[in-house]
Amino acid sequence: MIKTYLKTLWRMFKKHVTRLMSLIFMVLVSVGFVSGIGTATDKIDYSLTDYYKAQTVSDYIIKSTDANGFTEEDVNAVKNLFPEATVNTGMSLDISVGEKRSVRYYFLDFDNWTVNVPDIVDGEFKDPSQQVYIETADNVIEKNPVGGAKKVGDAISIDFKEILEKSAEQSGKPLGAGMSAMLSSLEVKNMTVGAVIKSPLLIANDGEPSYNNDIDAVPDTTTGTADMDCLERVIYASKDIIPTQKDLVAFLPDTPLIATGDIYVAVGNRNVFESFSNDYKKLTDGDISKIKQTLENVEVLSLYENYSFKSLNSYSEKVQGIGYILMVAFLLVTALVVLSTMTRLLEEERSQIACLKTLGYSSFGLISKYLLFALIATGIGGGGAYFVALGLAYLICYVFNYSFDMPPISSKIAVVFYIIIFALIVVATLAATAIAGYKMTNERPANLLRPKPPKAGKKVFLEKIPFIWNRLSFKYKSTTRNVFRYKSRFFMTVIAVAFSTALVMAGLALLDMCLFQDFGSPAIMGIAAVIVVFAGLLTAVVIYTLTNINISERNREIATLMVLGYYDREVTGYIYREVYINSIIGIIFGYPVSVLLIALVFKTMGMGTLAGVSWFMWLIAPFIVLLFTTIVTLILRRKIVKIHMNESLKAIE
């Protein structure tokens, strides 16, 4: 009995290899796309966390609002407050050179430059007493710095009088007359560019407004735009070259100390960050409160005020939100197509099921064969989908390079989203197969051995409108009746095409938001393009699978037309007309589904409006769906015209 069962199992796989491939590709597209979106989110978060740890990115930048800056006692107080933290000190000053443009100077403790460790793009750290280091143009908004781009070996002059006076004036805290006089007596420092570096704090390609003189202003990390003071050049120099009390005391004993202006703190537990985790938020809130209780006249900038880090994290969350929304749509379409496929497969296996049932096989034993068929298809498709998801995740990370100078992609394996969507697809597939199987196996063997009678033709709504119906030719009357004769297949096709249309429209709406509504970024534009492509592929697989089922169900009908002398184009048109009518009806119902899906996507994104979607986008979506439908019908043409008439017309009984 087991040997017979295995033989029937093998024959079933050989006979229905086309359906097996359809299910594999359906799962491949659905799981690959949705899990790819989620995997990309995890990869971005892991990469951001790895970069944060590798470069010892500062968690807090403590800035003094006092003209005298921080004393050595203040610095020691911070070190005592965070005994396990890495602390560096320095001063940052901005000099305006035009509307919304400035040069920023960082005077840091190079001997202990262990916080915000930069990447060296060119040159090397050699002699901080004679050299300065500049940031790459990618780290600043303007690509053409004042005076032309600087490179390793170029000369740079540092005039402390000009720097401090302008900086003090811009901050609203002018230097006293005595201080200005003393600064005038200092020589201009003539330095050379020793290295070109990339700051780990500044990874947004559209600028970094976070750390300007207006320390109370926090940039909006949700819109993807940096509308604050632009930087034209960033220069790093040793704080040892700053004139201090020791330099000035001989001239004016009561000159206030030009002390540390910034303190950079990197917390000891680097694992707590995890891309802005809840634990990190609690730690940050608590630490900032401690700092303000310990030091007076300070402002604390955390990574939550860092435009680069927070906006990348924000975009990552938006992509994940889109993934969750699209997961529902892809899951529903996949479940419908699987249900339709397995129902038809079981219909073709009626006599086989009847024979095995007569031999004493239980309903579960019979259904398990088809569950295994669905499980193998899902397993192969899901296995391939992992690599599709991984490739898509890397593609999305690459696309993000248009908006960010992305950290190196993390090697950490990201499978959580993949496991979730794959598990849901497996459950949906097995549930659809079980529902169709139990309905079939509950029938009596005698009934199963009889061929299922074809559905009787019924009058359709158009027949009640003689003005239209009487003007239709016979072939269109026949097509109209056939469309509505198989109601379950009709509704499945319409629902599947409606959701496919909505997915295409959601991708187009995102593209429109980036291109014409001035929202989003190149990264979101790339995501939108990916959505359109995969939604189109889903449409193609859906139409192919359902049309293939339609052809298989009607082999005798098509063979009869051939025997009657119909030409190939007339026979294919007989099927194609139904496909296009179902697709057009699905597109029409897809519009209200699109409205709902787009509204959910825009709400998740926190940007864009449904009313703002350009009118022509609503016309492009059906064109894309019909384009994929046309491609599928051309692929299936060979199957229709190659139907064997003799075999198809043989008596079933």
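The values are calculated or read from the model by the stated rules, or taken from the named source; none is laboratory data. These figures come from a predicted structure and were not determined experimentally. Glycine also receives a Cβ, built like all others from the backbone with ideal geometry; neighbour counts cover every protein chain displayed. These accessible areas exclude ligands, DNA and RNA; they are computed on the full protein's heavy atoms, side chains included. Shrake-Rupley method; radii C 1.70, N 1.55, O 1.52, S 1.80 Å.
Taking residue 42 as the residue in question, decide whether it is closer than 26 Å to residue 318 by Cα, in contact with a Phe, Trp or Tyr (Cβ under 7 Å, 6 or more places away or on another chain) and of a type in the set (Asp, Glu). For residue 42, the condition - closer than 26 Å to residue 318 by Cα, in contact with a Phe, Trp or Tyr (Cβ under 7 Å, 6 or more places away or on another chain) and of a type in the set (Asp, Glu) - is met. Just one residue in the set 227, 285 is surrounded by fewer than 19 Cβ atoms within 10 Å (Cβ to Cβ), modelled with pLDDT under 60 and acidic (Asp, Glu); that residue is 227. Checked against (1) out of contact with any Leu (no Cβ under 8 Å at 6 or more places or on another chain); (2) open to solvent by 10 Å² or more (accessible area, probe 1.4 Å), residue 23 meets all criteria but (2).
Taking helices (runs of 4 or more DSSP H) that fall entirely within the stretch 519-624, which contain at least 1 residues that are at pLDDT 85 or above and surrounded by 17 or more Cβ atoms within 10 Å (Cβ to Cβ)?
522-553, 568-605
Scanning the stretch 622-641 for residues being without any contact (Cβ under 8 Å) to a residue 24 or more places away in the chain and farther than 25 Å from residue 594 by Cα gives a total of 2. Within the stretch 296-314, is there a residue that is more than 18 Å from residue 58 (Cβ to Cβ), within 14 Å of the chain's Cα centre (by Cα) and not charged (D, E, K, R)? Checked against the condition, which is being more than 18 Å from residue 58 (Cβ to Cβ), within 14 Å of the chain's Cα centre (by Cα) and not charged (D, E, K, R), the stretch 296-314 yields at least one hit. Take the conditions surrounded by fewer than 19 Cβ atoms within 10 Å (Cβ to Cβ), assigned to a helix (DSSP H, G or I), of a type in the set (Val, Ile, Thr) and at pLDDT 80 or above and apply them to residue 426. Does it pass? Yes: the conditions hold for residue 426.
Applying a threshold of 6 Å to beta carbon distances and a minimum spacing of six or more residues, or different chains, the list of pairs starting in the stretch 367-386 at a residue that is closer than 17 Å to residue 8 by Cα and assigned to a helix (DSSP H, G or I) and ending at one that is of a type in the set (Gly, Ala, Ser) and at pLDDT below 90 reads 367/437; 370/437. Scanning the stretch 482-495 turns up no residue that is under 20 Å from the mean Cα position of the chain (by Cα) and surrounded by 22 or more Cβ atoms within 10 Å (Cβ to Cβ). For the stretch 50-59, the tally of residues that are open to solvent by less than 10 Å² (accessible area, probe 1.4 Å) and of a type in the set (Val, Ile, Thr) stands at 1.
Residue-by-condition table, conditions (1) among the hydrophobic types (A, V, I, L, M, F, W, C); (2) in contact with a strand residue (DSSP E or B) (Cβ under 7 Å, 6 or more places away or on another chain); (3) open to solvent by less than 10 Å² (accessible area, probe 1.4 Å):
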{"residue": "317", "(1), (2), (3)": "no, no, no"}
{"residue": "327", "(1), (2), (3)": "yes, no, no"}
{"residue": "359", "(1), (2), (3)": "yes, no, no"}
{"residue": "362", "(1), (2), (3)": "no, no, no"}
{"residue": "400", "(1), (2), (3)": "yes, no, yes"}
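When 590, 606 are screened for being closer than 30 Å to residue 311 by Cβ, within 38 Å of the chain's Cα centre (by Cα) and in contact (Cβ under 8 Å) with a residue 60 or more places away in the chain, only 606 passes. When residue 92 is tested against the conditions (1) modelled with pLDDT of 90 or more; (2) closer than 23 Å to residue 165 by Cβ, the lone failure is (1).
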